[in-house]
Amino acid sequence: MTGPLRWLRRAIADPKIVRHLLADEGEVVVDEVRHHWVVYIIPVLECLGALVLFGVMINLPVNAAWVPFVGALLLIGHAGWRALTEHMDRFVITNMRVFRVRGVLTKKIATTPIMRILDITIDKPFAGRILGYGHFVFENAAQEQGLREVRYVGRPDQRDLTIQRLLQRSGLRATANEREEEEGTPAVVKAATTAARPRANHPRRPGPPTARRLPPPRPR
């Protein structure tokens, strides 16, 4: 029995993230983000409601017991479909890009290169601060690819730091020390050095009279 269940889980409940990776280009998964467990609260409540309907069905006559029975089946079906939809929604961070895979019967894939991730807003509601989840809001070109908002992300601060480290390692954001090394010296030191350095004589900008060279005396 485990064989058919395993096949069913792989066929329906597995988003197959590995298939979407550019393995020949060296792409690897840095973080695979699933929805926080809070998204399964409503499916669990629906299952509990189905159990209540089953209990009501037992105490009803046979000719009326089908009504709560059908209602319980509908609740279980809706809860299972909703939980499966949330389970198949994955936000994947790789060393080259970020992409999102979602859908059960039909697949929808949204992807954007890591270099286009510039502005990320983390929205943590009051309940999210207590339970440890937040929402990612992308304010740049990533929103055009279907990545405008990724909701119910667990440990959002750590995930944001992961993206920032990838941006840093890819060379898209130079650190303060790297900028100073590229420029030679900081701007403040440059300004102080320029102010302290005496200005040499120039044909268009002569120095003070004492610094001018006098013409040689004429012979008498």
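Could you please put 90, 165, 102, 129 in sequence from largest to smallest accessible area, using a 1.4 Å probe?
Listed by decreasing accessible area, they come as 129, 165, 102, 90.
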If you count only protein heavy atoms with a 1.4 Å probe, what accessible area per residue comes out for the range 1-123, rounded to a whole Å²? 63
Can you pull the accessible area of residue 44 for me, 1.4 Å probe, Å² to the nearest 10? 80
Let a ≥ b ≥ c be the square roots of the eigenvalues of the Cα gyration tensor of the range 1-85; is it rounded (a/c under 1.5), or, if not, prolate (a/b larger than b/c) or oblate? prolate
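If you rank 106, 162, 121 by how much accessible surface each has, with a 1.4 Å probe, what is the order from largest down? Write out the running numbers ahead of the final one.
Values: 106 105, 162 30, 121 65 Å².
Result of the area sort, largest leading: 106, 121, 162.
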Expected field for residue 40, accessible surface area in Å² at 1.4 Å probe radius, rounded to 10, holds 70
Accessible area of residue 75, 1.4 Å probe, to the nearest 10 Å²? 60
Which of 54, 136, 126 is most accessible, then next, and so on - probe 1.4 Å: 126, 54, 136
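The values are calculated or read from the model by the stated rules, or taken from the named source; none is laboratory data. Note that the structure is a prediction, hence the values are computed from the model and not measured. The protein model used for the area step is the full one, side chains on, heavy atoms only, and it has no ligands, DNA or RNA in it. Shrake-Rupley method; radii C 1.70, N 1.55, O 1.52, S 1.80 Å.
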